[in-house]
Structures are given as structure tokens and as C-alpha cells.
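First up is the structure itself, then whatever we jot down about it.
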Amino acid sequence: MATPHIEVNDKELFGKTVLMPGDPLRAKFIAENYLTDVKMVNQVRNMFAYTGYYQGKKITVMGSGMGMPSIGIYSFELFKFFKVDNIIRIGSCGAYSPELKLYDVIIAEDAYSESSYAKVAYDYDENILPATPHLVTALNSSAEKLNIPVVNARIHSSDVFYRNHGDVFRDVRDKFGCVAVEMESFALYANAKFLGKNSACILTVSDSLVTREETTAKERQTSFNKMMEIALDAAR
Ligand code: HPA
């Protein structure tokens, strides 16, 4: 079975729930450290996907790539052609709010974006799209059970990482109430809405646009355990 971007020997290899980090190497890290009985499902264009078991539950982890066009393609194909019902993005974000510290964990209840993705793809006029409420509830219950503090908030899905004016984030924060920025959730939420599927997003603060503090790439790869544990527990 092959779609333009995913190739598998057996499409039943995908679990109903997919955890989706941006970085395919983080998918590998999660599979190697948290899942048992792991099989590699996809490696087309190095967008690795692995299926394994977490406390008896079949779960797939697959990289989404960076940005809305990339997660838009992969999540659409997973939902539409591989019978995936739930995608939980696990990513990093830049803090817009001065109250957020590095490594704080955010559950993105909804995502604001100026992206044309939802309008062009599905003629949606909304610039704010919600996560699926029962997945948000599941993530919150898991966080509580694991005793990990989380912030439920609106985030900004941006198309731009590097920009001329470092200060424009304040406008988005103050006008739309976004506490942090990433680059994928809005497209994921749009796909889930259109296809009648479920999606949510959990993020760790990797840098702050307010204080300019940042984590290193190495820390980003390995030290997001709290967020992964919440997502895995919720997926279970
Ligand atoms: N901008 C966009 N996406 C991000 C950032 C950022 O500053 N940090 C982590 N993901």
C-alpha cells in the first residue's frame, strides 16, 4: 500500500492512534525508549514511522516534518488512507507569554493562524480551530495522574520562523490570546475537522520570544520525557 508520501507493506501496521513529533528522529527516540515489540512502518524520505506497544496498546509514532504543509500532507494521508482515528502532535514551541518558562508543558486547546491552509483546503473561514475535546480531556487526565503541571491554552501556528521584526509576536499574543508559537497544529486540526477525526497537540516550551532563552538541540531531542509520557498515557 502506498500513498504519494507513505509506503507500507501492510496498512494494518498503523495503530489507530499516532503520536506525531515534528522530528522523525524524535519518533525513533520514542519508539526505542517507550514502546515494545517495535516495527518500522515507513521510511520514505526518512519520515520514519514505528508501531509498537505501550502498556498493551498498539501505538504508532511518526514524524510530521516542520510546518503546516508537511504535517498537512502526512496527517491527511494517515487519517484518510491508513484508518488512523487520533493524531496527537507532540512538539516544541516558543513562549509568547512572560509567565511561561523553558520546559513548561502546554496542551493546545485551540490554534490561531493567519495561514491560508484551512481556507484553501476546505473553504473554512475560521482563523481559530479547536483540538478535539475528548483528546484534550484525556491529555489533562494523564497529566494529572502523572503529577505533571500543564497549561491549557491557545497557541499560534505560524508559517514563519525567522523574521525581520522580532517584536510582532506581541500583537498576535495580545490580539488573539496566544501564549506560544509553533508551526503545525492549525493544519492538523483543519484536517481532523474535515475528515471527522480526532486531533490534539501537546507542546514543551523550547525557547522564549520574551526572554530569548533557549534550549539546545540535544536537550530538545532527549529531555521532553514529561510530554511524551503524558501523550503515551493518554493514547493508551
Ligand atoms: N517559532 C516557531 N515555532 C517554534 C518556535 C518559534 O520560536 N520555537 C519552537 N517552535
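Leu203 satisfies every condition listed in (1) surrounded by 16 or more Cβ atoms within 10 Å (Cβ to Cβ); (2) more than 12 Å from the ligand (Cβ to nearest atom) except (2). In region 143-155 there is at least one residue that is within 14 Å of the ligand (Cβ to nearest atom) and open to solvent by less than 10 Å² (accessible area, probe 1.4 Å).
Looking for whichever is in contact with a strand residue (DSSP E or B) (Cβ under 6 Å, 6 or more places away or on another chain), away from the ligand (no atom under 16 Å from the Cβ), open to solvent by less than 30 Å² (accessible area, probe 1.4 Å) and at pLDDT below 95 here; the options are Val84, Val41. Which one fits?
None of the other options fit; the residue is Val41.
Every condition in (1) over 13 Å from the mean Cα position of the chain (by Cα); (2) at pLDDT 95 or above holds for Glu219 except the one numbered (2).
Of all residues in region 16-28, those satisfying the criterion of being closer than 19 Å to Lys57 by Cβ and either among the acidic types (Asp, Glu) or in contact with a helix residue (DSSP H, G or I) (Cβ under 8 Å, 6 or more places away or on another chain) (or both) are Thr17, Val18, Leu19, Met20, Pro21. The residues of region 172-192 that are away from the ligand (no atom under 11 Å from the Cβ) and either modelled with pLDDT under 95 or in a strand (DSSP E or B) (or both), listed by number, are Cys178, Val179. Counting only strands (runs of 3 or more DSSP E) that sit completely within region 44-144, those holding 1 or more residues that are closer than 30 Å to Glu12 by Cα and over 18 Å from the mean Cα position of the chain (by Cα) correspond to 49-54, 57-62. When Glu99 is tested against (1) more than 16 Å from the ligand (Cβ to nearest atom); (2) surrounded by 17 or more Cβ atoms within 10 Å (Cβ to Cβ), just one condition goes unmet, and that condition is (2). With respect to (1) surrounded by fewer than 19 Cβ atoms within 10 Å (Cβ to Cβ); (2) modelled with pLDDT of 95 or more; (3) in contact with a Pro (Cβ under 8 Å, 6 or more places away or on another chain); (4) of a type outside the set (Gly, Ala, Ser), the lone exception for Met66 is condition (3). Checked against (1) more than 16 Å from the ligand (Cβ to nearest atom); (2) free of Cβ contacts under 8 Å to residues at least 60 places away in the same chain, Ala138 meets all criteria but (2).
The values are calculated or read from the model by the stated rules, or taken from the named source; none is laboratory data. Quantities reported herein were computed from a predicted structural model and do not represent experimental measurements. Heads up, the Cβs are rebuilt from the backbone with ideal geometry, glycines too, and the neighbour counts pull from every protein chain shown. Side chains included, ligands, DNA and RNA excluded: accessible areas come from the protein's heavy atoms. Shrake-Rupley method; radii C 1.70, N 1.55, O 1.52, S 1.80 Å.
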